[in-house]
Amino acid sequence: MRMMDNCHICGKPATQSCGLCGSVTCDKHLVDWICLECRKGKKKTEISEEGQPMEEVYS
């Protein structure tokens with residue numbers, strides 16, 4: 001039996017996870033094992049421990 005959780009994008013029940021970020025994602029927001037947010041890229045710049053912005057690289 002598969003564990004069920006809520007999609008991190010829409011909140012609906014989901015049983016799969018993104019291959020990049022690992023977040024639980026429903027079928028609607030998952031294409032080729034990559035979630036919609038990872039396909040678009042992060043909108044917020046993450047801050048490193050030193051307080052400097054980190055650049056994220058997506059291939």
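The values are calculated or read from the model by the stated rules, or taken from the named source; none is laboratory data. Everything numeric here is computed off the predicted structure, so don't read it as measured data. Backbone-built Cβ (ideal geometry, glycine too); neighbour counts: all protein chains shown. Accessible surface areas use protein heavy atoms only, side chains included; no ligands, DNA or RNA. Shrake-Rupley method; radii C 1.70, N 1.55, O 1.52, S 1.80 Å.
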Problem - Candidate set from the range 1-19 (those that are part of a loop (DSSP other than H, G, I, E, B) and among the hydrophobic types (A, V, I, L, M, F, W, C)); member that is surrounded by the fewest Cβ atoms within 10 Å (Cβ to Cβ) - result: Met1
Problem - Looking only at the range 20-59, and only at residues there that are at pLDDT below 85 and not in a loop (DSSP other than H, G, I, E, B), the one that is least open to solvent (accessible area, probe 1.4 Å) - result: Pro53
